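Coordinate-derived values only; no laboratory data. Here the structure is a predicted model, which means the values were calculated and not measured. FYI the Cβ positions are ideal-geometry reconstructions off the backbone, even for glycines, and counts take in every protein chain you see.
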Amino acid sequence: MKKKGCCCYRLKLVSFFFKVSPHILPNLYLIFTDEHDMYTIRTRTRAIEIFTTIANMICTMAETNRSIAFLQRKKWLSRNFGFGRSLSRELLGPILPTFTQALVAALNVPDDSHLTDAGLKTEVLKGE
């Protein structure tokens, strides 16, 4: 028996990610790269954790949520958000290459630098 309102919840979740992700993900990138030494290493590490969690949620929704395919067939996403491609490509595509380059650059920072520690590098390896 299908739960009433389940599809409505999925629509709200997809809508939430389309509205919020373009704002949150670039800000997480700015916190992680921290060009002006405004954030602690712990805050930068947490930005990687949050980015990884959001990216995993988006990919899981795109892979397992059948309503995404249904919505794309019905052109609901195109009509309401202007997107026709897959959810993960639309939300992660613009920021993923630059974030990945920053993660690789963080691994190349010398261990004795004040910009990194073992915890940050561990999160970088988990995030890639």
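Counting other C-beta atoms within 10 Å, which of 46, 89 has the fewest, and how do the rest follow?
Exposure proxy ranking, most exposed first: 89, 46.
For region 34-46, take each phi angle, set θ = phi - 60°, evaluate the Karplus expression 6.51 cos²θ - 1.76 cosθ + 1.60, and give the result in whole Hz per residue in order, putting x for glycine and proline.
Computed from phi, the couplings for region 34-46 are 6, 6, 10, 6, 8, 10, 6, 4, 4, 5, 5, 5, 5 Hz.
Using the number of other C-beta atoms within 10 angstrom as an exposure proxy, rank 126, 121 with the fewest first.
The most exposed by this proxy come first: 126, 121.
Starting from the 7 Å offset along Cα-to-Cβ, what nm value, one decimal, do you get for the label separation of residue 104 and residue 49?
With each label placed 7 Å out from Cα toward Cβ, I get 2.7 nm.
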